[in-house]
Amino acid sequence: MLNLDHISSNPLLPEVKEVMIDAVQNDYHNPSSQHKAGEQAAEKIESAREAVARLINAKDPKEVVFTSCGTESVNHAIKGVAMANRDKGNHIITSNIEHNSVVRSLKRLKSQGFKLTSLPVDTNGQVDPGAVEEAITDKTILVSVMHSNNEIGTLQPIKEIGEITRKKKVVFHCDAVDSVGILPVDVQLLNADLLSLASNTYYGPTGVAGLYIRKGVKVFPLLEGGAQENNKRGGTENLIGIIGMGKAAELAFRDMDKRLEHLQNLKKHFLAELPKYIDEYLINTTPDRSLPNLISLSVKYIEGESVMLMLDEDDIGISTKSACASGSLRASHVLVSLGLSHADAQGTLVVSFGLDNTLQDIDRFLNSLKHTVETLRNMSPLYKKKA
Amino acid sequence: MYNEVVMDHFKNPRNVGEIEDADGIGEVGNPLCGDMMTIYLKIKDERIEDIKFKTFGCGSAIAVSSMLTEIASGKTLEEAKNISNKDVANALEGLPKNKLHCSNLGADALHMAIQDYEDKKYGKSRSEPKDKEEHQHASGDNCYCPYCDVELGESATFCEACQRDLEEEH
């Protein structure tokens with residue numbers, strides 16, 4: 001399949017596969033075991049932790065906790081801060097376009113008595129840092145705003161928000177799952193107290209992710225048991241996954257500039273060529289303040305799941321944010337927050353590039369998209385009405 | 001996601017298009033999920049001589065429209081009035097549970113097109129609007145949350161377990 005759905009997952013890099021295959025064959029010991037083999041396993045985990053810490057510029061690798069997925073990292077950060085700081089307050093601030101792991105964690109807390117302020121975004125999908133400052137009260141215990149949006153790619157003014165939360169002494173969590181390893185993310189520069197990241201974003205394995213917890217920030221564990229992860233997450237570590245994630249972090253750090261350039265070229269080519277293939281669409285991704293690897297577009301008069309299915313027949317993989325494809329059958333809260341009409345939201349496609357894509361891949365996709373859009377519009381009663 | 005019959009009708013939809021001098025036109029739309037379907041009929045001797053559709057919607061909505069036109073084609077109006085949404089879903093050998101209500105509107109559009117024809121021919125008074133299909137559980141004899149499958153009371157509007165509002169039938 002021609003993969004243009006890198007936001008969902010990425011292929012393992014050959015070097016990552018190599019260390020993981022070696023680990024599958026040789027590493028099974030429990031890093032908590034006190035014998036030599038156990039200690040060796042623990043050392044491998046610590047070296048992966050160092051690589052991840054370097055990637056996000058954490059001062060101490062101990063500030064990085066390995067988790068099972070980005071969703072766990074987010075749940076750990078939000079519920080962990082809320083539970084640990086109940087004596088200080090019960091107010092949490094977030095934005096209207098967060099990932100469901102944030103949305104649902106907060107909804108759960110709300111049902112337990114916490115108060116939420118969810119801030120609107122502008123038509124580019126950005127939160128106003130001034131609105132964050134205004135929303136902070138003496139009961140505010142947490143601000144959670146994402147680094148980049150997984151549906152439209154918008155980058156939030158995290159540095160500015162971090163300056164405010166630092167000044168106001170409120171804990172700041174940043175969901176950077178779709179950013180870390182794709183573009184530079186520096187927890188010092190951003191003033192993030194907690195930051196969620198995932199390995200498969202940057203060509204590491206799925207089933208392993210991380211949470212940065214700045215030293216001194218009070219967070220309760222989500223999983224309690226043994227003393228693993230410096231007492232921040234109980235449970236035997238996913239040794240093979242963590243080894244892969246560490247290798248991928250090392251490569252992402254080393255090759256960051258080169259990768260960025262490649263992705264930016266693909267995106268530029270896509271945006272320049274698109275008008276030659278189809279008309280009447282909206283680009284939901286702000287070109288200059290967005291992820292380098294993602295474009296969200298809403299094609300008028302047709303529905304996204306049908307587009308996705310037809311492209312799949314051509315062996316091309318993309319995602320759609322159509323309500324019909326959402327499971328809940330509702331328009332995406334992100335697209336609605338941007339001010340998109342429900343009909344336009346229905347035709348929303350998310351095309352995301354990766355290191356394995358070429359300019360020719362983009363052309364092949366656009367050819368196929370053109371044909372698909374024509375077929376579906378010929379079938380659409382909305383298109384007829386327009387003409 | 002979809003079975004082979006559904007995919008076949010999605011990939012090779014039958015009877016797509018419009019009938020210029022249609023005898024009856026029926027249009028249904030669902031604001032919740034955004035599907036829209038228009039059915040065009042050509043009637044001869046109280047029988048469906050030609051049927052075409054136009055649909056804006058997901059794979060399931062397109063397959064439903066296509067299958068409906070195949071079932072209805074050649075039927076007498078009385079026969080066609082008895083085609084239900086469930087008949088269409090059964091002919092497609094099943095649709096995903098969450099698509100059963102929102103995309104499965106083909107029979108409704110057909111009935112509206114027949115009504116449109118009869119209204120034009122006999123005047124509005126003749127035909128009474130058909131009662132809506134009776135509520136049927138999406139699966140089994142009980143109500144379940146369409147998202148997380150927890151058992152619910154018949155009148156539940158919110159699922160405590162997965163925290164989702166329940167606007168659809170369950």
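The values are calculated or read from the model by the stated rules, or taken from the named source; none is laboratory data. Quick caveat: nothing in here was measured; it's all calculated off a predicted structure. Every residue, glycine as well, gets a Cβ built from its backbone with ideal geometry; the counts of neighbours run over all protein chains shown. SASA here: full protein model, heavy atoms, side chains in, ligands and nucleic acids out. Shrake-Rupley method; radii C 1.70, N 1.55, O 1.52, S 1.80 Å.
Restricting attention to segment A:329-354, report how many residues are away from chain B (no Cβ under 14 Å), assigned to a helix (DSSP H, G or I) and either crowded, with 23+ Cβ neighbours inside 10 Å or touching an Asp or Glu at 6+ places or on another chain (Cβ under 8 Å) (or both).
Selection size over segment A:329-354: 2.
Among the residues that make up segment A:286-300, is at least one of them within 12 Å of chain B (Cβ to nearest Cβ), not in a strand (DSSP E or B) and not hydrophobic (A, V, I, L, M, F, W, C)?
Yes: one or more hits.
Working only within segment A:216-264, note down all residues that are in contact with a helix residue (DSSP H, G or I) (Cβ under 6 Å, 6 or more places away or on another chain), open to solvent by 60 Å² or more (accessible area, probe 1.4 Å) and assigned to a loop (DSSP other than H, G, I, E, B).
Those that are in contact with a helix residue (DSSP H, G or I) (Cβ under 6 Å, 6 or more places away or on another chain), open to solvent by 60 Å² or more (accessible area, probe 1.4 Å) and assigned to a loop (DSSP other than H, G, I, E, B): A:Lys218, A:Phe220, A:Leu222.
Against the condition in contact with a Gly (Cβ under 8 Å, 6 or more places away or on another chain), among the small types (Gly, Ala, Ser), under 19 Å from A:His6 (Cα atoms) and open to solvent by less than 10 Å² (accessible area, probe 1.4 Å), how does A:Ser306 come out, does it pass?
In short, no.
State whether the residues of segment B:40-59 include one that is in contact with a Ser or Thr (Cβ under 9 Å, 6 or more places away or on another chain), facing chain A (nearest Cβ under 8 Å) and assigned to a helix (DSSP H, G or I).
Yes, because at least one residue in segment B:40-59 is in contact with a Ser or Thr (Cβ under 9 Å, 6 or more places away or on another chain), facing chain A (nearest Cβ under 8 Å) and assigned to a helix (DSSP H, G or I).
Considering segment A:355-366 alone, what residues qualify as being open to solvent by 40 Å² or more (accessible area, probe 1.4 Å) and either among the hydrophobic types (A, V, I, L, M, F, W, C) or more than 29 Å from the chain's Cα centre (by Cα) (or both)?
A:Leu355, A:Leu359
Considering segment A:303-346 alone, what residues qualify as being in contact with a Phe, Trp or Tyr (Cβ under 7 Å, 6 or more places away or on another chain) and within 16 Å of A:Met379 (Cβ to Cβ)?
Listed by number, the residues that qualify are A:Glu303, A:Leu309.
Identify, please: which residue in segment B:60-75 is open to solvent by 50 Å² or more (accessible area, probe 1.4 Å) and touching a residue at least 40 places away in the same chain (Cβ under 8 Å) and is, among those, farthest from the other protein chains (Cβ to nearest Cβ)?
Ranking the candidates gives B:Ser73 first.
Determine which single condition A:Pro287 fails, assuming it passes every other condition in (1) touching a Phe, Trp or Tyr at 6+ places or on another chain (Cβ under 9 Å); (2) under 18 Å from A:Ile7 (Cα atoms).
That leaves (1) as the condition not met.
Can you pull out the residues in segment B:5-30 that are more than 13 Å from chain A (Cβ to nearest Cβ) and either of a type in the set (S, T, N, Q) or not in a loop (DSSP other than H, G, I, E, B) (or both)?
B:Val5, B:Gly24, listed by residue number.
Scanning for something outside any helix (DSSP H, G or I), farther than 27 Å from B:Asp149 by Cβ, assigned by TED's automatic domain parsing to the domain that holds B:Gly24 and open to solvent by less than 40 Å² (accessible area, probe 1.4 Å), does segment B:100-113 turn up at least one residue?
Within segment B:100-113 (the criterion being outside any helix (DSSP H, G or I), farther than 27 Å from B:Asp149 by Cβ, assigned by TED's automatic domain parsing to the domain that holds B:Gly24 and open to solvent by less than 40 Å² (accessible area, probe 1.4 Å)), the answer is no, since none of the residues qualifies.
What's the total number of residues in segment A:54-67 that are more than 17 Å from A:Pro221 (Cβ to Cβ) and either in contact with a Gly (Cβ under 9 Å, 6 or more places away or on another chain) or surrounded by fewer than 20 Cβ atoms within 10 Å (Cβ to Cβ) (or both)?
Matching residues across segment A:54-67 total 7.
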